[in-house]
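A.B. asks: Supplied in structure tokens, the structure appears directly below.
The values are calculated or read from the model by the stated rules, or taken from the named source; none is laboratory data. Computed from a predicted model, the values in this text were never measured in an experiment. When we count neighbours, we look across all protein chains shown, and the Cβ atoms used for this are built from the backbone with ideal geometry, even at glycine. Protein only, heavy atoms only, side chains kept; ligands, DNA and RNA dropped before computing areas. Shrake-Rupley method; radii C 1.70, N 1.55, O 1.52, S 1.80 Å.
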Amino acid sequence: MNGFEKRTQEKKNQVLEATFHLMNTDAGIENLTMDEIAKHSNVGKTTIFKYFGSKENLIHEVFKYFLNRLGDTAREIMAENRPFEETLIAMSQNKIHYLEKINKRFYLELMDYFTKKDDEGSSLMMRQYAQSSLSLMMDLFHRGRKEGKVDLKYSDEFLLVYFQALVEGISSPHIYPKILPYTSQWTELLIKGIAPSK
């Protein structure tokens with residue numbers, strides 16, 4: 001990356017960070033203005049439009065930016081090559097750590113965007129997230145099988161559906177605040193649920 005590209009990316013990140021902080025308030029998206037974003041990011045409004053095209057596209061990019069940071073940290077955890085149980089707990093704590101950084105309104109707007117359906121009846125963001133996390137989860141399951149922590153009777157497809165159901169369940173705004181204090185217990189129950197019978 002040359003100097004110009006690096007400066008451009010730094011400015012884009014300034015805009016994304018400033019917009020994230022402005023969106024992560026009780027005011028939410030509805031009252032957000034491009035003037036406010038320009039002021040808080042210290043980047044001109046024309047430049048912001050040049051980079052992102054529209055306020056709606058910028059908001060979508062903020063959601064993607066947030067989810068990508070969550071995913072990047074998960075990949076770093078996987079790269080540490082800790083045992084299966086430690087990795088699963090660390091990944092669960094990582095998700096909760098990121099969810100604790102956002103207020104309820106941002107979370108609800110993120111989930112609304114994340115699950116918004118296209119003409120084919122599926123969520124583009126959900127498909128992108130599923131594709132990026134698929135290999136990560138498969139690596140985790142295979143590590144668990146090698147360590148004897150994941151029962152061989154469970155197919156990869158079943159485990160993916162099982163984890164997706166759990167993630168979507170705990171992502172519910174009604175469940176999420178209630179589960180936070182029980183992170184270690186539900187992770188332990190999860191691990192015991194897929195472990196081989198003794």
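A.B. asks: For the stretch 24-80, which residues satisfy the criterion of being without any contact (Cβ under 8 Å) to a residue 24 or more places away in the chain and on the phi > 0 side of the Ramachandran plot?
C.D. replies: Gly53
A.B. asks: Looking at the structure I just gave you, is Asp119 acidic (Asp, Glu), over 13 Å from the mean Cα position of the chain (by Cα) and at pLDDT 85 or above?
C.D. replies: no
A.B. asks: Of the conditions (1) open to solvent by 60 Å² or more (accessible area, probe 1.4 Å); (2) touching a helix residue (DSSP H, G or I) at 6+ places or on another chain (Cβ under 6 Å); (3) not hydrophobic (A, V, I, L, M, F, W, C), Asp35 clears all except one; give me its number.
C.D. replies: Looking at each condition in turn, Asp35 falls short on (2).
A.B. asks: Does His60 satisfy being modelled with pLDDT of 95 or more and not charged (D, E, K, R)?
C.D. replies: Criteria not met by His60.
A.B. asks: When you scan the stretch 142-150, do you find a residue that is modelled with pLDDT of 75 or more, part of a loop (DSSP other than H, G, I, E, B) and aliphatic (A, V, I, L, M), even just one?
C.D. replies: The answer is yes; a qualifying residue exists.
A.B. asks: Can you find, within the stretch 1-32, the residue that is farthest from Arg69 (Cα to Cα) among those that are of a type in the set (Val, Ile, Thr), surrounded by 14 or more Cβ atoms within 10 Å (Cβ to Cβ) and under 22 Å from the mean Cα position of the chain (by Cα)?
C.D. replies: Within the stretch 1-32, the match that is farthest from Arg69 (Cα to Cα) is Ile29.
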